[in-house]
Amino acid sequence: MVPATMLAGAELADSWATDSHKWLNVPYDSGYAFVADAETHKATMSSRASYITHATDARDQIDWTPEFSRRARGFATYAALRQLGRAGVAQLVERCCEHAEALVTRIGKLHGAEMLWRPQINQGLVRFLDPASGAGEAEHDAYTDRVIAEILATGEALFSGTTWRGKRAMRVSVSNWQTSDADVERVVNCVAGVLARMRAG
């Protein structure tokens, strides 16, 4: 469930920006700016020259963005919103958050793993501990990277490594609309298998 406080106070902002390439699964450069003062925004972005023809009876994108030549990025967003609807977008976001929660908490409970950051939305962190006697932070960091590499080699999931508060971790992020409960189960089993093989080896 997405925290209700995520957008608390957003209406008080002069402006805010976001992108939707994750939640709506549209191209990376689909970004949005929400501004309280439309005229100030237009005055900031608009550019006039005697050789440019400007529309007087319609909204001209040249007045609202920093780029003169751009493809219709808004079309992919429109299509996604039209197909999903408000309820569909809400379900997509909540489903991704639930899958991230399940992945992080379940992987974090596996033998040799620990949860570093429980998802607040759709991303969390897990770390893997080197089973060698006397292993310290440096060994746990290196082991975490090895586990990530072994998981990637299976082809079951794509995780990246990151450093958080001085510790190496596996970043878990769920945003694909196709991710299912069965996928979560497969990934947890995959990670459990990787950890078991590495302990045995």
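The values are calculated or read from the model by the stated rules, or taken from the named source; none is laboratory data. Being a predicted model, the structure only gives us computed values, none of them experimental. Methodologically, a virtual Cβ is constructed for each residue, glycine included, from the backbone with ideal geometry; neighbour enumeration extends over all protein chains shown. Heads up: the accessible areas ignore ligands, DNA and RNA and are worked out on the full protein's heavy atoms, side chains in. Shrake-Rupley method; radii C 1.70, N 1.55, O 1.52, S 1.80 Å.
Take the range 101-126 and flag every residue that is open to solvent by 60 Å² or more (accessible area, probe 1.4 Å) and closer than 11 Å to VAL174 by Cα.
Passing the criteria: only GLN123.
Please enumerate the residues belonging to the range 162-188 that are under 14 Å from the mean Cα position of the chain (by Cα), closer than 22 Å to ARG146 by Cα and of a type in the set (Gly, Ala, Ser).
Once the filter is applied, which keeps residues that are under 14 Å from the mean Cα position of the chain (by Cα), closer than 22 Å to ARG146 by Cα and of a type in the set (Gly, Ala, Ser), the range 162-188 yields only SER173.
State yes or no: is GLU98 open to solvent by 90 Å² or more (accessible area, probe 1.4 Å), at pLDDT 85 or above and not in a strand (DSSP E or B)?
When the stated conditions are applied, GLU98 passes them.
For the range 102-116, how many residues meet the condition of being in contact with a Lys or Arg (Cβ under 9 Å, 6 or more places away or on another chain) and not in a loop (DSSP other than H, G, I, E, B)? Full working, then the answer.
Of the residues in the range 102-116, the ones in contact with a Lys or Arg (Cβ under 9 Å, 6 or more places away or on another chain) are 104-105, 108, 111-116.
Pick out the ones that are also not in a loop (DSSP other than H, G, I, E, B) and you get 104-105, 108, 113-116.
Number of matching residues: 7.
Give me the residue from the range 6-57 that is polar (S, T, N, Q) and in a loop (DSSP other than H, G, I, E, B) and, out of that set, surrounded by the fewest Cβ atoms within 10 Å (Cβ to Cβ).
Out of the qualifying residues, it is SER50.
Output the residues belonging to the range 88-130 that are under 18 Å from the mean Cα position of the chain (by Cα) and acidic (Asp, Glu).
Listed by number, the residues that qualify are GLU94, GLU98, GLU101.
Does the range 127-153 hold any residues that are open to solvent by 50 Å² or more (accessible area, probe 1.4 Å) and more than 14 Å from LYS167 (Cβ to Cβ), and which are they?
PRO131, ALA132, SER133, GLY134, ARG146, ALA149, GLU150, LEU152, ALA153 - these are the residues of the range 127-153 that are open to solvent by 50 Å² or more (accessible area, probe 1.4 Å) and more than 14 Å from LYS167 (Cβ to Cβ).
Per-residue answers, yes or no, for (1) under 23 Å from SER180 (Cβ atoms); (2) of a type in the set (Phe, Trp, Tyr):
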residue: GLN61; (1), (2): no, no
residue: TYR78; (1), (2): no, yes
residue: GLN91; (1), (2): yes, no
residue: CYS97; (1), (2): yes, no
residue: ARG118; (1), (2): yes, no
residue: GLN123; (1), (2): yes, no
residue: VAL126; (1), (2): yes, no
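Report every pair of residues separated by at least 6 positions or lying on different chains whose Cβ atoms are under 7 Å apart, first residue within the range 41-56 and free of Cβ contacts under 8 Å to residues at least 40 places away in the same chain, second among the polar types (S, T, N, Q) and surrounded by 10 or more Cβ atoms within 10 Å (Cβ to Cβ).
That search, which allows pairs on different chains as well, returns MET45/THR65.
Out of the residues in the range 67-95 meeting the condition of being among the basic types (Lys, Arg) and open to solvent by 80 Å² or more (accessible area, probe 1.4 Å), tell me which one is nearest to GLN120 (Cα to Cα).
ARG95
Within the range 44-87, can you find the residues that are among the hydroxyl-bearing types (Ser, Thr, Tyr) and more than 21 Å from the chain's Cα centre (by Cα)?
THR44, SER46, SER47, SER50, TYR51, THR53, THR56, THR65, SER69
Those residues that are among the hydroxyl-bearing types (Ser, Thr, Tyr) and over 17 Å from MET198 (Cα atoms), I need them from the range 122-164; list them, please.
SER160, THR162, THR163
Kindly indicate which of ALA13, ALA33 is modelled with pLDDT of 85 or more, of a type outside the set (Val, Ile, Thr) and out of contact with any helix residue (DSSP H, G or I) (no Cβ under 7 Å at 6 or more places or on another chain).
Criteria check complete, one pass: ALA13.
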